[in-house]
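Only one structure is covered here, and it is reproduced in the block below.
The values are calculated or read from the model by the stated rules, or taken from the named source; none is laboratory data. What you see is a predicted model, and the numbers here were worked out from it, not measured in a lab. No Cβ is skipped: glycine too gets one built from the backbone with ideal geometry, and neighbour counts run over all protein chains shown.
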Amino acid sequence: MADDNRPIKYIRYAIGEIVLVVIGILIALQINTWNQELHQKKLEKKTLEKIKEDLVLQMEIIEKQLSFENKALAHADSSFMIINSKVDVVNLTRLLDSLSERHTFVANRVTFDNLGLAGNTTVMSNPDLQNEIVRYYQLLDYTSSVINNNNLYRTNSQFGTFVVNNELGFRVDENGQADQNYVLNPELRFTLQKQLDGRKYSSKNNIEKSIIQMDKTKILLQLINKELEKK
């Protein structure tokens with residue numbers, strides 16, 4: 001009887017071993033899954049924190065852009081006041097030199113580019129938030145393109161060239177000082193007014209785009225803060 005039962009015992013033992021192995025594999029797989037989920041959560045939190053840092057810096061960049069453009073508008077208005085009265089050559093040339101400068105808009109997208117968030121759907125557990133982030137950086141690229149094209153074509157190529165070439169014909173006296181007897185004739189006055197209008201348009205357009213970008217930055221920061229509160 002013992003010999004007859006021995007195969008059954010072996011089978012039971014083998015089945016028990018197989019069950020234990022399967023259970024061990026399932027436990028190992030579950031632990032691995034937990035570890036992957038934990039790693040994913042840490043990666044997502046770190047990513048959101050880095051994007052938040054980038055957005056805070058982006059707000060500073062936008063604020064500096066707005067400050068520069070508003071200063072340019074003030075200088076343009078001051079120039080209009082000068083040319084509509086007795087021309088103060090010294091102040092006018094100073095203002096025109098200032099208006100020929102530009103402020104490059106920088107798109108701070110380091111984290112977004114490094115992680116490839118535009119095509120990587122596994123980084124964020126919240127697909128709606130990821131879509132908002134992608135759309136934000138698409139708008140940021142557009143804002144950067146518009147502002148820097150305004151800088152290149154309107155400020156540099158048009159107004160800057162106008163000032164550098166001294167198309168108003170400013171003169172200096174024998175002492176190398178600005179000739180205060182300079183007269184701005186109607187034709188030159190009209191030309192300068194058109195140049196100043198174009199320069200003001202550039203700054204106004206840059207301000208408009210900067211304000212929109214600032215609003216979107218604040219909204220995205222709020223969404224990220226809400227998501228981080230869940231982590």
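Give the residues of the range 48-99 that are in contact with a helix residue (DSSP H, G or I) (Cβ under 6 Å, 6 or more places away or on another chain), farther than 18 Å from GLN193 by Cα and β-branched (Val, Ile, Thr), sorted by residue number. Listed by number, the residues that qualify are ILE51, ILE62. Taking the range 184-207 only, how many residues are in contact with a helix residue (DSSP H, G or I) (Cβ under 9 Å, 6 or more places away or on another chain) and either in a loop (DSSP other than H, G, I, E, B) or closer than 20 Å to ARG102 by Cβ (or both)? Summing the residues that are in contact with a helix residue (DSSP H, G or I) (Cβ under 9 Å, 6 or more places away or on another chain) and either in a loop (DSSP other than H, G, I, E, B) or closer than 20 Å to ARG102 by Cβ (or both) in the range 184-207 gives 15.
Exactly one residue out of HIS75, HIS39 is in contact (Cβ under 8 Å) with a residue 24 or more places away in the chain, more than 24 Å from ARG109 (Cβ to Cβ) and either of a type outside the set (D, E, K, R) or loosely packed, with under 11 Cβ neighbours inside 10 Å (or both): that is HIS75.
Could you tell me whether SER67 is under 24 Å from LEU139 (Cβ atoms), free of Cβ contacts under 8 Å to residues at least 24 places away in the same chain and part of a helix (DSSP H, G or I)?
On the way: under 24 Å from LEU139 (Cβ atoms): yes; free of Cβ contacts under 8 Å to residues at least 24 places away in the same chain: yes; part of a helix (DSSP H, G or I): yes.
Judged against the criteria, SER67 is a match.
Of these, ASN175, ASN151, ASN181, ASN166, which one is under 28 Å from VAL87 (Cα atoms), assigned to a loop (DSSP other than H, G, I, E, B), without any contact (Cβ under 8 Å) to a residue 60 or more places away in the chain and under 37 Å from the mean Cα position of the chain (by Cα)?
Details: ASN175 fails: under 37 Å from the mean Cα position of the chain (by Cα); ASN151 fails: assigned to a loop (DSSP other than H, G, I, E, B); ASN181 fails: under 37 Å from the mean Cα position of the chain (by Cα).
Sole residue among the options that is under 28 Å from VAL87 (Cα atoms), assigned to a loop (DSSP other than H, G, I, E, B), without any contact (Cβ under 8 Å) to a residue 60 or more places away in the chain and under 37 Å from the mean Cα position of the chain (by Cα): ASN166.
Give GLN177, GLN213 a once-over and let me know the one that is polar (S, T, N, Q) and in contact with a helix residue (DSSP H, G or I) (Cβ under 6 Å, 6 or more places away or on another chain). Spell out how you get there, then give the answer.
Numbers: GLN177 fails: in contact with a helix residue (DSSP H, G or I) (Cβ under 6 Å, 6 or more places away or on another chain).
Testing whether each residue is polar (S, T, N, Q) and in contact with a helix residue (DSSP H, G or I) (Cβ under 6 Å, 6 or more places away or on another chain) leaves just GLN213.
For the range 122-144, give me each residue that is assigned to a helix (DSSP H, G or I) and closer than 29 Å to GLN36 by Cα. Break it down into steps so the answer makes sense when it comes.
Initial filter on the range 122-144 (assigned to a helix (DSSP H, G or I)): 127-144.
Result: PRO127, ASP128, LEU129, GLN130, ASN131, GLU132, ILE133, VAL134, ARG135, TYR136, TYR137.
Listed conditions (1) under 29 Å from ARG109 (Cα atoms); (2) surrounded by 12 or more Cβ atoms within 10 Å (Cβ to Cβ) are all met by PHE80, apart from (1). When the residues of the range 80-108 are filtered to those that are at pLDDT 90 or above and of a type in the set (Ser, Thr, Tyr), the one that is nearest to SER157 (Cα to Cα) is SER100. Can you tell me which residues in the range 186-223 are among the basic types (Lys, Arg) and under 15 Å from TYR136 (Cβ atoms)? Residues satisfying the conditions are LYS209, LYS216, LYS218.
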